[in-house]
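Student: Sharing a structure, written as structure tokens. Questions coming.
Since every read-out is calculated from the coordinates, none of them should be taken as a lab result. Owing to the predicted nature of the structure, the values given are computational and were not obtained by experimental measurement. With ideal geometry, Cβ positions are generated from the backbone for all residues, glycine too; neighbour counts draw on all protein chains shown.
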Amino acid sequence: MNGGLASALDGVRLSLHVLAATVWVGGQITIAGLVPTARRLGEGASKALARAFGRIQWPAYAVLVITGFWNVSAVHAGQPHAWQVVLTIKIVVVALAGLSAYLHTRATSVRALAVWGAVASLSSLAALVMGVFLAG
Ligand code: HEM
């Protein structure tokens, strides 16, 4: 018994996972809000902002994947079929989020930038919501 609290190790595991999710998902929302202001600051300002975010975003994605598999090994035993299905869908959605965020950074047209940016943010948000349901 732990007074109804998570164990220290579970606390570390989930805190790291949630912290990385705040950077990956919250960062995308924050950057989207800052870009119009950055554009007014001059040519190249929004690109510089995006590059700086990339240096924070990709380490956060790596932490999400590592702690995600740590989550699976800690809690998957004995989970019902529906939980396993949501987990499988979540892993596919996380891969889509990573791929679309990468394609967003490589986009050369305004259209590709908008499409891959939208796919990245929607799939990231979907992964977050599925995570909340997995945690129960
Ligand atoms: C974009 C990437 C991801 C985001 C935004 C994300 C977000 C979240 C969030 C917000 C939670 C809820 C934590 C809580 O309420 O305590 C969670 C839980 C969980 N995530 Fe993720 N996650 C991501 C990637 C992954 C990956 C790649 C995996 C598996 C390989 C994974 C497996 C899990 C599991 C199993 C839980 C439940 C943990 C538990 O009940 O202790 N996640 N995730």
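Student: Where the convex hull is taken over the Cα atoms of the chain, what is its projected area averaged over directions, in nm²?
Tutor: Here the figure is 9.4 nm², rounded to one decimal.
Student: Just subtract the alpha-carbon distance of His81 and Phe69 from 0.36 nm times their residue separation and send over the number in nm, one decimal. Numbers along the way, then the final one.
Tutor: Working: separation 12, 0.36 × 12 = 4.32 nm, distance 1.81 nm.
Full-extension gain reported as 2.5 nm.
Student: Now for a different question. Along the charge dipole of the chain, Cβ charges K/R +1 and D/E -1, which of Val63, Ala52, Leu87 sits furthest on the positive end?
Tutor: Towards the positive end, the residue furthest out is Ala52.
Student: How much length is gained on full extension from Thr30 to Arg55, taking 0.36 nm per residue of separation minus their Cα-Cα distance? Walk me through the intermediate numbers first.
Tutor: On the way: separation 25, 0.36 × 25 = 9.00 nm, distance 1.50 nm.
Stretched fully, the Thr30-Arg55 segment lengthens by 7.5 nm.
Student: As I understand it, the value is the acute angle between the Cα axis of helix 45-75 and the longest principal axis of the Cα atoms of the chain; what does it come to in degrees, rounded to 10?
Tutor: Approximately 10 degrees, to the nearest 10.
Student: Given Cβ point charges of +1 (Lys, Arg) and -1 (Asp, Glu) and nothing else, what value in debye, to the nearest 20, does the dipole of the chain about its Cα centre take?
Tutor: On the way: 9 positive and 2 negative charges, 99 e Å.
That gives the chain a dipole magnitude of about 480 debye.
Student: Next up: Whole angstrom only: what separates the Cα centroid of the range 74-127 from the Cα centroid of the range 41-68?
Tutor: What the calculation gives is 16 Å, centre to centre.
Student: If Lys and Arg each add +1 and Asp and Glu each add -1, what is the summed charge of the other residues whose beta carbon sits under 14 Å from the beta carbon of Ser46?
Tutor: Values: positive: Arg39, Arg40, Lys47, Arg51; negative: Glu43.
So the surrounding residues net to +3.
Student: Hey, another quick one. Give the shape of the range 56-122 as rounded, prolate or oblate, defined through the alpha-carbon gyration tensor: a ≥ b ≥ c are the square roots of its eigenvalues, a/c under 1.5 means rounded, and otherwise the shape is prolate if a/b is larger than b/c and oblate if not. Walk me through the numbers on the way to the answer.
Tutor: On the way: a/c = 4.96, a/b = 2.08, b/c = 2.38.
Cα axes put the range 56-122 in the oblate bin.
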